[in-house]
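Below is one structure, written out as structure tokens; comments come after it.
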Amino acid sequence: MDRNIEHYDVCIIGGSIAGNYLCYLLSKTKLKIAVIEEHKEIGLPVQCAGIVSQKLSQLIELPQEIVQNRVDKVKLVAPSGKIIRLSGNEQPYIIDRHALDLLFYSKVKDNPNITYYLEERFKSLKYRYLVQEKKQIITVETSKRRLTTKILVGCDGPLSSVAKLMGIKYNKLYATQIRIQGNFRDDEVVMYFDPRWKELFGWIIPEGFNNICRIGLASAKNVARNFRIFLKKLKIDSLKAIEHQGGIIPYGILNKSAFDNVLLLGDSACQVKATTGGGIIMLLTGAKYAANCIIKCFNMNNFSSSFIRRFYERPSRSTIGKQLKIHYLIRTVLELFTNYDYEKMFQMIKTSKIEHLISIYGDMDFPKGLLTKLIKNPLFLSFFIKFILKKPNIFVRFLKILTK
Ligand SMILES: Cc1cc2nc3c(=O)[nH]c(=O)nc-3n(C[C@H](O)[C@H](O)[C@H](O)COP(=O)(O)OP(=O)(O)OC[C@H]3O[C@@H](n4cnc5c(N)ncnc54)[C@H](O)[C@@H]3O)c2cc1C
């Protein structure tokens, strides 16, 4: 082996939430880990609205200083301006996303087995077969060095170079957000639906301090124009914003995430809910499977794609993957909604027991339970059947998603 280059057991590309959390989970082992992050500072720039379901505190030990606010209501706004206010068991956290990314970094940065290479960009990978040891490793090339690794994990987000090199592609949404002071309620999140930004919605998320809110919107096309329309609707002057943020959200369902010596985790694996663009709960769950699988790879000395598929991709698919499919099915329906459909749906929710069902069974991450209840509601069922009969092509799209 080349003596001039450094050798690692695991190389993680991307030092954001997925990369840092995985590194933290693996830090309890003796594995030698490198994390390559292209930015100078961990967690910056922030590209997140920071709303995460209360499952967050079940998945990780959540320090109080990361939680900025909690909301217990959601206001849904139809294109006509019609409003529905829902409240229930879910009380999402509004978090300081920069602090969340730093949380796991600070827990591992002094570990002698772990090296963070900041301001360094992953460029390429090459498989290499070691004849004597009868095993395959990977040579990684970054903007500053070459290193070898037995496992490479792509935690490099929605524009993942690792995923691209593995032949994986996703559709993308473009998001834009401002932080601004305004006269909004501190205890509720607002979602504005509109066929012009049919792939997601416009949002107002209160930080819970000094009347500062995060106001944003995501769509597949024309995001800047849509955001201007949205702010005009809200009578908000973006020149008064404290901060402008933006980013990309992958859009689709779980694709292949296991390859020989390589795993994809987080946005690079499209572990993102198509209904809300939220990825944090999904990737934290995925990271636990990834860590478990990586430890098994070393215990069994098996780094093959079939092994990684068995211990990472399959468990991920059968848990978060199933729920992500449901999110995508819901989004496929919402994407076809016209102003008229929104009116009808809002009317139906207001005049039936559906509001009550959502309050009890609504779950930001796992929508299967609520959907099962809704399908049993005659009013909802007749609305849904009438809607899909008007859109015969939807069946083909459903089939494509369900068989993937
Ligand atoms: C505007 C916006 C709002 C959002 N709001 C929410 C929300 O409210 N709740 C929620 O749950 N989710 C939200 N999300 C989604 C959430 O932010 C992502 O799911 C999450 O950040 C994914 O984490 P990740 O670690 O997989 O990828 P990222 O956070 O994208 O991190 C990827 C990391 O890899 C680094 N990187 C990329 N390429 C390279 C390279 N070649 N070499 C080295 N480093 C590289 C990047 O610098 C970055 O640090 C939002 C996303 C956006 C864009």
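The values are calculated or read from the model by the stated rules, or taken from the named source; none is laboratory data. Computed from a predicted structure; not experimentally measured. Virtual Cβ from ideal backbone geometry, glycine too; neighbours counted across all protein chains shown. Just so you know, the surface numbers come from the protein's heavy atoms only, side chains and all, with ligands and any DNA or RNA stripped out. Shrake-Rupley method; radii C 1.70, N 1.55, O 1.52, S 1.80 Å.
Rolled with a 1.4 Å probe across the full set of protein chains, the surface gives Ser106 an accessible area near 60 Å².
One compactness figure for region 327-403 is 1.10, namely its Cα radius of gyration divided by 2.2 N^0.38 Å.
Of Lys32, Lys164, Lys75, which is the most mobile in a GNM of the chain whose springs link Cα atoms less than 10 angstrom apart? Judging by the Gaussian network model, the answer is Lys164.
Pairs of Cα atoms nearer than 8 Å and 6+ residues apart set the relative contact order; for the chain it is 17 percent. To the nearest Å, what is the center-to-center distance of region 215-279 and region 317-339, using C-alpha atoms only? The distance from the Cα centre of region 215-279 to that of region 317-339 comes to 16 Å.
Of the peptides 390-397, 49-56, the ranking by mean beta-carbon count within 10 Å, highest at the top, reads 49-56, 390-397. Per residue, region 327-403 exposes an accessible area of 58 Å² to a 1.4 Å probe, with every protein chain left in place.
Protein heavy-atom surface of region 327-403, 1.4 angstrom probe: 68% of the accessible area is carbon and sulfur, with nucleic acids and ligands not counted. Mean-square fluctuations from a GNM of the chain, with a 10 angstrom spring cutoff on Cα atoms, peak among Gln347, Gln323, Gln47 at Gln347.
Ligands, DNA and RNA are left out, and with a 1.4 angstrom probe the accessible area of region 1-125 is 46 Å² per residue. The listed residues Glu65, Glu6 rank as Glu65, Glu6 when sorted by accessible area, largest first, using a 1.4 Å probe. Summarised in one figure, the compactness ratio Rg/Rh of region 34-155, Cα atoms and Kirkwood Rh, is 1.15.
Distance from the alpha carbon centroid of region 66-133 to that of region 351-395 works out to 30 angstrom. Hey, got a sec? Which chymotrypsin sites (Phe, Trp or Tyr not before Pro) in region 165-267 land in a DSSP loop and have at most 16 other Cβ atoms within 10 Å? Those satisfying the criteria are Phe209. What the phi angles of region 344-349 give under the Karplus curve with 6.51, -1.76 and 1.60, with θ = phi - 60°, is a coupling list of 4, 5, 4, 4, 5, 5 Hz, glycine and proline written as x. About the centre of its Cα atoms, region 327-403 shows a dipole size close to 280 debye [charges on the beta carbon of Lys, Arg (+1) and Asp, Glu (-1) only; nearest 20 debye]. Taking each residue as 0.36 nm, the span from Ser318 to Gln132 lengthens on full extension beyond its C-alpha to C-alpha distance by 63.2 nm.
Taking 0.36 nm per residue of separation and subtracting the Cα-Cα distance, full extension of the segment from Lys28 to Lys376 would add 120.6 nm. Note on Arg85 and Glu343: with the Förster distance fixed at 22 Å, the Cβ-Cβ geometry gives a FRET efficiency of about 0.80.
Modelled spin labels at Glu119 and Asn393, positioned 7 Å past Cα toward Cβ, are 5.0 nm from each other. Among Leu284, Leu62, Leu200, the residue with the largest mean-square fluctuation in a Gaussian network model of the chain, with springs joining Cα atoms closer than 10 Å, is Leu62. Using a 1.4 Å probe over the heavy atoms of the protein chains, calculate the carbon and sulfur portion of the accessible area of region 162-236 as a whole percent. Within region 162-236, the accessible surface is 50 percent carbon and sulfur. When all protein chains stay in place and ligands, DNA and RNA are ignored, the 1.4 Å accessible-area order of Ile83, Ile281, largest first, is Ile83, Ile281.
Between His244 and Lys386, the modelled label-to-label distance comes to 4.4 nm, taking each label 7 Å out from Cα in the direction of the beta carbon.
Here the chain is treated as a sphere whose radius is the Kirkwood value from Cα pairs; by Stokes-Einstein at 20 °C and 1.002 mPa s it diffuses with a coefficient of 96 µm²/s.
Over region 169-232, the Kirkwood radius and the radius of gyration, each from Cα atoms, give a ratio Rg/Rh of 1.01. Could you state how much accessible area Glu41 has, in square angstrom rounded to the nearest 10, with a 1.4 Å probe and all protein chains kept in place? Number for this one is 100 Å².
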